[in-house]
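Novice: Below is a structure I'd like to ask you about.
The values are calculated or read from the model by the stated rules, or taken from the named source; none is laboratory data. Quantities reported herein were computed from a predicted structural model and do not represent experimental measurements. Quick reminder, even Gly has a Cβ in these numbers, built from the backbone with ideal geometry, and neighbours come from all protein chains shown.
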Amino acid sequence: MIIIDNGSTDGVEEVLQDYVGREDITIIHNSNIGHVRAANQALKLATEKYFMRLDGDDVLMSRALECLVKALESEPEVAYAFGDYITIDENDNLLDYCSGITHKSIAKIQNDELVMPRLGFKTYTTDQLHKEFAPHGAVTLIKADALRLKGFYDEKVKIGDGETLKSYFNESPIGYVSTPLFYYRRHSSNLTLNCENILY
């Protein structure tokens, strides 16, 4: 695991002290260089087959990595895989179940209750998907070497690095897991205040 403190001012340095010295964790402190440059910094250091960027206030569900790895390994040509997600507020209250393809709300969550859809794997090429489709920049499992061969993330793109993945792999099949795999936190100051705009 690679943890990048990208100029945080919320006391994360104190939290990270618990992880200093662990052989399986690399910690880097930056003066805010932007999330795309930080992602490239991590990709250069990564040694595993797969790579995922996870933002500091989003939360992976327990089986997320297992499901995404299965999706990637289901077909050798799949370049990256993603799933649906649930939005939460600043107090961890559940808000919406959102589609990973359209980024639109599938259902509202009331009283913390939601009927989870059946788990499934689907592969698409980009031209088969909805014209507004774009993958998540974060919480998308990518074949690391494939992304390196494309020249890493495009650092000219300040936000919405999912668009970089879409342009890089527009001819490759992609994996979609039709179940929620992470919690996406909505803040009052977010650049992305609804499901449709999570990538932009």
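Novice: Could you list all residues from region 79-95 that are of a type in the set (A, V, I, L, M, F, W, C) and at pLDDT 90 or above? Please lay out each step first, then the result.
Specialist: Let us first name the residues in region 79-95 that are of a type in the set (A, V, I, L, M, F, W, C), namely 79, 81-82, 86, 88, 94-95.
Correct list: ALA79, ALA81, PHE82, ILE86, ILE88.
Novice: Name the residue that is farthest from SER62 (Cα to Cα), counting only residues in region 181-200 that are touching a helix residue (DSSP H, G or I) at 6+ places or on another chain (Cβ under 9 Å) and at pLDDT 65 or above.
Specialist: Per the stated criteria, the residue is TYR184.
Each row is one residue, and each column tells you yes or no for (1) in contact with a His (Cβ under 7 Å, 6 or more places away or on another chain); (2) modelled with pLDDT of 85 or more; (3) of a type in the set (Phe, Trp, Tyr); (4) surrounded by fewer than 10 Cβ atoms within 10 Å (Cβ to Cβ).
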position: TYR19; (1), (2), (3), (4): no, no, yes, no
position: SER31; (1), (2), (3), (4): no, no, no, yes
position: ALA38; (1), (2), (3), (4): no, no, no, no
position: ALA46; (1), (2), (3), (4): no, yes, no, no
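Novice: Inside region 1-82, counting only helices (runs of 4 or more DSSP H) that do not spill past its ends, which hold 3 or more residues that are within 17 Å of the chain's Cα centre (by Cα)?
Specialist: Values: elements: 12-16, 35-45, 64-73.
The helices (runs of 4 or more DSSP H) meeting that bar are 35-45, 64-73.
Novice: List, please: which pairs have Cβ atoms under 7 Å, are six or more places apart or on different chains, and start with a residue in region 147-161 that is closer than 12 Å to ARG37 by Cβ and end with one that is part of a loop (DSSP other than H, G, I, E, B) and modelled with pLDDT under 80?
Specialist: Matching pairs, first to second residue: TYR153/ASP161; LYS158/GLY34; ASP161/GLY137.
Novice: Separate question: Quick one: which of ALA71, ALA64 is crowded, with 21+ Cβ neighbours inside 10 Å, under 27 Å from LEU16 (Cα atoms) and among the aliphatic types (A, V, I, L, M)? Can you show your working first?
Specialist: Numbers: ALA71 fails: under 27 Å from LEU16 (Cα atoms).
The unique qualifying residue is ALA64.
Novice: Any residue at all in region 105-117 that's in a strand (DSSP E or B), at pLDDT below 85 and either under 17 Å from the mean Cα position of the chain (by Cα) or within 28 Å of PRO76 (Cα to Cα) (or both)?
Specialist: Narrowing region 105-117 to residues in a strand (DSSP E or B): 105-108, 110, 113.
When the remaining residues are screened for being at pLDDT below 85, the result is 105-108, 110, 113.
Subsequent filtering for residues that are either under 17 Å from the mean Cα position of the chain (by Cα) or within 28 Å of PRO76 (Cα to Cα) (or both) retains none.
No: zero hits.
Novice: Say we look at region 130-179 and pick out the residues that are basic (Lys, Arg) and part of a loop (DSSP other than H, G, I, E, B); which of these is modelled with the highest pLDDT? Steps first, please.
Specialist: Filtering region 130-179 down to residues basic (Lys, Arg) leaves 131, 143, 148, 150, 156, 158, 166.
Retained after the next criterion (residues that are part of a loop (DSSP other than H, G, I, E, B)): 131, 150, 156, 158.
Numbers: LYS131: 61, LYS150: 90, LYS156: 79, LYS158: 64.
So, considering only residues that are basic (Lys, Arg) and part of a loop (DSSP other than H, G, I, E, B), the one modelled with the highest pLDDT is LYS150.
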